[in-house]
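Data first, discussion second: the structure below is written as structure tokens.
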Amino acid sequence: MYVAKQKDAHAAPGKVPIIVRQGALQEKMAARESTGFPANLTPPTPRATINVCEVIMLAYIFVLLAVAVRFMPHPWMFTPVTGSLLFFGARGSRRQLWVPFLLLAASDVVLTRLVYSYPFSWDHYVTFAWYAAVLWLGTKLPANRILPAVGAALASSVSFFLITNLAAWAWLDMYPKNLSGIMMSYAAGLPFFRHGVEGDLLFTAVMFAAPLALEFLRGAFNKTDHAAAA
């Protein structure tokens with residue numbers, strides 16, 4: 001290849017010997033084959049993805065949103081609390097799982113004591129344990145699948161309804177301490193349960209779809225930029 005180039009050094013200016021061009025093409029094909037990509041195909045454009053730091057930032061944003069919504073006017077129990085806990089467990093920092101737990105527990109104390117002026121009772125610890133359980137459940141979810149997350153949200157809604165209403169029956173004096181009293185407690189919580197399920201399913205689906213939506217938008221913008229540059 002290089003010998004032919006030396007022999008043809010006296011060729012007319014602007015004309016490159018054919019054998020040199022073929023050698024360059026062979027080198028290019030060999031380089032593609034060395035990367036495992038077929039030499040006769042054009043390598044694909046790298047996919048635009050959202051990086052880990054951006055996903056972790058989303059997890060913190062969703063938790064802060066969940067805390068903020070609790071202090072805003074909203075339908076009772078229709079909050080992103082469950083979705084934010086599941087998302088943080090699935091995509092947030094494992095070393096910082098205490099952050100959403102602490103923020104939501106602290107907001108419970110503030111709401112109970114300062115906003116509603118209720119006494120702090122032992123049934124709050126039941127809610128705190130539920131926060132920790134939902135965070136743990138989130139750590140078992142796959143990162144980029146929405147359906148398992150929605151199923152986990154439904155399980156979280158049902159468990160919250162069962163556990164908190166049982167605690168209310170045990171703590172409050174408004175229900176008789178028998179099976180009939182337990183049924184009365186669950187019946188009283190049914191309207192709130194409907195709102196809770198709707199909010200949990202909606203916010204969980206939106207939160208787990210957010211990274212996928214951001215990847216799609218970033219890819220669309222990159223294609224637009226490449227087309228404009230071409």
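The values are calculated or read from the model by the stated rules, or taken from the named source; none is laboratory data. For clarity, every value in this text was computed on a predicted model and none was experimentally measured. All Cβ positions, glycine included, derive from the backbone under ideal geometry; neighbour counts span all protein chains shown.
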Being at pLDDT below 90 and either among the basic types (K, R) or surrounded by 15 or more Cβ atoms within 10 Å (Cβ to Cβ) (or both) is the requirement here; does D173 meet it? no
Confirm whether Y116 is farther than 28 Å from A205 by Cα, without any contact (Cβ under 8 Å) to a residue 12 or more places away in the chain and surrounded by fewer than 12 Cβ atoms within 10 Å (Cβ to Cβ). yes
Of these, S84, S93, which one is at pLDDT 95 or above, in the same structural domain as P211 (by TED's automatic domain parsing) and of a type in the set (S, T, Y)? S84
Got a number for residues in segment 82-98 being assigned to a helix (DSSP H, G or I) and buried (at least 17 other Cβ atoms within 10 Å of the Cβ)? 10
Candidate set from segment 63-81 (those that are assigned to a helix (DSSP H, G or I) and touching a Leu at 6+ places or on another chain (Cβ under 9 Å)); member that is surrounded by the fewest Cβ atoms within 10 Å (Cβ to Cβ): L64
Criterion first (at pLDDT 90 or above and not in a helix (DSSP H, G or I)) does P142 satisfy it? yes
Which is surrounded by 20 or more Cβ atoms within 10 Å (Cβ to Cβ) and assigned to a helix (DSSP H, G or I), of V134, V126? V134
Among the residues of segment 163-216, how many are among the charged types (D, E, K, R), farther than 25 Å from A132 by Cα and in a helix (DSSP H, G or I)? 1
Within segment 102-113, residues surrounded by 15 or more Cβ atoms within 10 Å (Cβ to Cβ) and over 24 Å from A209 (Cβ atoms) come out as A105, S107, D108, T112
